[in-house]
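Peer 1: Below is the structure I would like to discuss, written out as C-alpha coordinates.
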Amino acid sequence: MCRNIKTLANFEPPATGDEIRASALQFVRKLSGMNRPSRANQQAFDHAVDEVTAAAQRLIDSISTSAPPRNRDDELRKARERTRQRFATPLQSPR
(Lines give C-alpha, C1' and ligand atoms only; values in the text may rest on other atoms or scores of the structure.)
Protein backbone atom coordinates (compact mmCIF):
# COMPACT_ATOMS: atom_id res chain seq x y z
CA MET A 1 0.00 0.00 0.00
CA CYS A 2 2.68 2.54 0.91
CA ARG A 3 4.25 2.44 -2.52
CA ASN A 4 1.64 5.02 -3.51
CA ILE A 5 2.91 7.56 -1.01
CA LYS A 6 5.05 9.97 -2.97
CA THR A 7 7.45 12.68 -1.90
CA LEU A 8 5.47 15.89 -2.01
CA ALA A 9 7.89 18.51 -0.70
CA ASN A 10 9.98 20.84 -2.86
CA PHE A 11 8.16 20.47 -6.17
CA GLU A 12 7.28 23.11 -8.68
CA PRO A 13 4.34 23.44 -8.96
CA PRO A 14 3.72 22.60 -5.29
CA ALA A 15 1.75 19.54 -4.22
CA THR A 16 -2.01 19.98 -4.40
CA GLY A 17 -4.40 19.38 -1.55
CA ASP A 18 -5.68 16.31 -3.39
CA GLU A 19 -2.17 14.84 -3.59
CA ILE A 20 -1.57 15.45 0.10
CA ARG A 21 -4.92 13.90 1.04
CA ALA A 22 -4.23 10.85 -1.18
CA SER A 23 -0.93 10.29 0.61
CA ALA A 24 -2.64 10.72 3.99
CA LEU A 25 -5.26 8.16 2.97
CA GLN A 26 -2.57 5.65 2.00
CA PHE A 27 -0.77 6.24 5.30
CA VAL A 28 -3.93 5.70 7.36
CA ARG A 29 -4.77 2.58 5.35
CA LYS A 30 -1.33 1.16 6.05
CA LEU A 31 -1.36 2.13 9.70
CA SER A 32 -4.86 0.77 10.34
CA GLY A 33 -4.38 -2.36 8.23
CA MET A 34 -7.64 -1.78 6.41
CA ASN A 35 -8.29 -0.65 2.89
CA ARG A 36 -11.90 0.18 3.65
CA PRO A 37 -13.14 0.65 7.18
CA SER A 38 -16.36 -0.92 8.42
CA ARG A 39 -19.32 1.35 9.05
CA ALA A 40 -18.50 1.19 12.75
CA ASN A 41 -14.97 2.52 12.07
CA GLN A 42 -15.73 4.93 9.21
CA GLN A 43 -15.89 8.06 11.37
CA ALA A 44 -12.61 7.29 13.15
CA PHE A 45 -10.95 6.43 9.84
CA ASP A 46 -12.13 9.64 8.16
CA HIS A 47 -11.06 11.70 11.17
CA ALA A 48 -7.60 10.13 11.04
CA VAL A 49 -7.29 10.93 7.32
CA ASP A 50 -8.29 14.55 8.03
CA GLU A 51 -5.77 14.85 10.86
CA VAL A 52 -2.91 13.32 8.85
CA THR A 53 -3.78 15.54 5.87
CA ALA A 54 -3.62 18.65 8.05
CA ALA A 55 -0.33 17.58 9.64
CA ALA A 56 1.19 16.77 6.25
CA GLN A 57 0.08 20.13 4.84
CA ARG A 58 1.66 21.96 7.80
CA LEU A 59 4.86 19.98 7.37
CA ILE A 60 5.13 20.65 3.65
CA ASP A 61 4.37 24.34 4.16
CA SER A 62 7.04 24.68 6.86
CA ILE A 63 9.92 22.84 5.17
CA SER A 64 12.65 25.09 3.84
CA THR A 65 15.47 23.94 1.62
CA SER A 66 18.25 25.45 -0.41
CA ALA A 67 17.81 22.77 -3.09
CA PRO A 68 16.09 23.86 -6.28
CA PRO A 69 12.51 22.63 -6.69
CA ARG A 70 12.17 19.29 -8.41
CA ASN A 71 10.40 18.93 -11.70
CA ARG A 72 7.50 16.46 -11.71
CA ASP A 73 8.16 15.26 -15.25
CA ASP A 74 11.83 14.57 -14.50
CA GLU A 75 10.94 12.65 -11.34
CA LEU A 76 8.34 10.60 -13.21
CA ARG A 77 10.86 9.76 -15.92
CA LYS A 78 13.43 8.67 -13.31
CA ALA A 79 10.85 6.51 -11.52
CA ARG A 80 9.87 4.81 -14.77
CA GLU A 81 13.52 4.13 -15.57
CA ARG A 82 14.09 2.62 -12.11
CA THR A 83 11.03 0.42 -12.61
CA ARG A 84 12.22 -0.65 -16.05
CA GLN A 85 15.62 -1.62 -14.68
CA ARG A 86 14.13 -3.34 -11.65
CA PHE A 87 11.82 -5.54 -13.67
CA ALA A 88 13.96 -6.03 -16.76
CA THR A 89 14.40 -9.66 -17.70
CA PRO A 90 17.94 -10.79 -18.45
CA LEU A 91 18.59 -11.88 -21.99
CA GLN A 92 18.55 -15.63 -22.40
CA SER A 93 21.16 -17.27 -24.55
CA PRO A 94 19.82 -19.18 -27.56
CA ARG A 95 19.82 -22.96 -27.25
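Peer 1: What part of the accessible area of the chain, given as a whole %, is carbon or sulfur when the probe is 1.4 angstrom?
Peer 2: Answer for the chain: carbon and sulfur cover 52 percent of the accessible area.
Peer 1: Could you quote the convex hull projected area for region 9-56, Cα atoms only and averaged over all directions, in nm²?
Peer 2: 3.4
Peer 1: Moving to a separate point now. Sort 76, 8, 25 by accessible area with a 1.4 Å probe, largest first.
Peer 2: Largest to smallest exposure gives the sequence 76, 25, 8.
Peer 1: Non-local amide H neighbours of residue 11 (under 5 Å, H modeled in plane, Pro and chain starts lacking H): which ones?
Peer 2: Residues meeting the amide H criterion: 70.
Peer 1: For residue 30 and residue 71, FRET efficiency with R0 = 22 Å and r from the beta-carbon atoms, rounded to 0.05?
Peer 2: That gives a FRET efficiency of 0.20.
Peer 1: Can you compute 3J(HN,Hα) from phi for each residue in region 7-15, using the Karplus curve 6.51 cos²θ - 1.76 cosθ + 1.60 with θ = phi - 60°, rounded to whole Hz and x for Gly and Pro?
Peer 2: In residue order, the calculated couplings are 5, 10, 7, 6, 10, 10, x, x, 4 Hz.
Peer 1: Let me ask you something else. Report ³J(HN,Hα) in whole Hz for each residue of region 57-65, in order, from the Karplus equation J = 6.51 cos²θ - 1.76 cosθ + 1.60 where θ = phi - 60°; Gly and Pro get x.
Peer 2: Once rounded to whole Hz, the list reads 4, 4, 4, 4, 5, 9, 6, 10, 8.
Peer 1: While we're here: Give me the net charge of residue 78's neighbourhood, meaning all other residues with Cβ under 13 Å from the Cβ of residue 78; Lys, Arg count +1, Asp, Glu -1.
Peer 2: +4
Peer 1: Hand me the trypsin sites (Lys or Arg not before Pro) from region 1-58 located in a DSSP loop with no more than 11 other Cβ atoms within 10 Å, in residue order please.
Peer 2: 39
Peer 1: Moving on. Just the number please: accessible area per residue for the chain, 1.4 Å probe, all protein chains included, in Å².
Peer 2: On a per-residue basis, the chain sits at 83 Å².
Peer 1: Could you give log10 I(q)/I(0) at q = 0.12, 0.13, 0.15, 0.23 Å⁻¹ for region 23-95, computed by the Debye formula over C-alpha point scatterers of equal weight, without solvent?
Peer 2: Debye curve over Cα of region 23-95, log10 I(q)/I(0) at q = 0.12, 0.13, 0.15, 0.23 Å⁻¹: -0.63, -0.69, -0.80, -1.00.
Peer 1: Using only the heavy atoms of the protein chains and a 1.4 Å probe, how would 63, 20 rank by accessible area, largest first? Display every interim value, and only then the final one.
Peer 2: Numbers: 63 85, 20 0 Å².
If we order 63, 20 from most to least accessible, we get 63, 20.
Peer 1: Please compute the length gained on full extension between residue 86 and residue 40, using 0.36 nm multiplied by the number of residues separating them and subtracting their Cα-Cα distance.
Peer 2: 12.5 nm
The values are calculated or read from the model by the stated rules, or taken from the named source; none is laboratory data. All values reported here derive from a predicted model rather than from experimental measurement. Note that we place each Cβ from the backbone using ideal geometry, even for glycine, and neighbour counts take in every protein chain shown. The protein model used for the area step is the full one, side chains on, heavy atoms only, and it has no ligands, DNA or RNA in it. Shrake-Rupley method; radii C 1.70, N 1.55, O 1.52, S 1.80 Å.
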